[in-house]
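Colleague: First the structure, which I've put down as structure tokens, then a few questions once you've had a look.
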Amino acid sequence: MDEIRQKDGQIPVQVIRSEMPGSIMVFGILGVLLSALGLFCPTTGIFRWAAITPNKHHYISFEQTIWVFFLYLIGIVFSIWLLVIGIGLIGYKRWARKGAIIYGIAYILWFVSAWCINGLMMLLGWIEIQKIEWPVFIFGIVLGLLGMIYPVLLLIFMKTRKVMEAFKGLENPKYQTDSNFVETGFPPSRE
């Protein structure tokens, strides 16, 4: 079988792609779906937040308003980033693996720092949670923790030996652009 797949000691990228773990595609599809959800939720949240009118039962401080809009903006940026990575993973692009690793690290760091800032703002009194809002607050905590599952699994998965080796086979850019290679799947002969 290796004699059929190899020519001049090179394995064509099509063969390498066909041998890639199927879970790369699964993570790509999940990334696209989660990014769509991530684009929908902050966008609707911005409109909902803008529609809230301050009253005696629901006081919203200026600091809380700025912080919430900033969180929504960051959420949209992360969602666009995840959409691009998801599309790249579906297409088995080698830059997508590196982008996924950077995304996972950045998201985890952002998540931890945002929670620390939230706690600090609550201690300073800039964020007040009314008794009626506690169920929503707890639900937000649970959703936030569930949202950490994908970046953590993505980081673990992208660092596995099998995935690293699969993407390593795509690293020669010469074979990505050569017209003979695109047509036949093999690099040009040296004759």
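Colleague: Modelled label-to-label distance, residue 69 and residue 101, 7 Å Cα→beta-carbon offset: nm?
Modeller: 3.8 nm
Colleague: Expected output is a single nm value to one decimal: the length gained when fully extending between residue 130 and residue 33, i.e. 0.36 nm times separation in residues minus the C-alpha distance. What is it? Provide the component values of the computation, followed by the final result.
Modeller: On the way: separation 97, 0.36 × 97 = 34.92 nm, distance 3.34 nm.
Gain in length upon complete extension: 31.6 nm.
Colleague: Name the long-range amide H neighbours of residue 127: under 5 Å, sequence gap of 5 or more, or other chain; modelled H, no Pro or chain starts.
Modeller: 122
Just so you know, all these numbers are worked out from the coordinates, no wet-lab data involved. Computed from a prediction, not measured in an experiment: that's the story for all the values here. Counting neighbours? That spans all protein chains shown, and the Cβs are built from the backbone with ideal geometry, glycine included.
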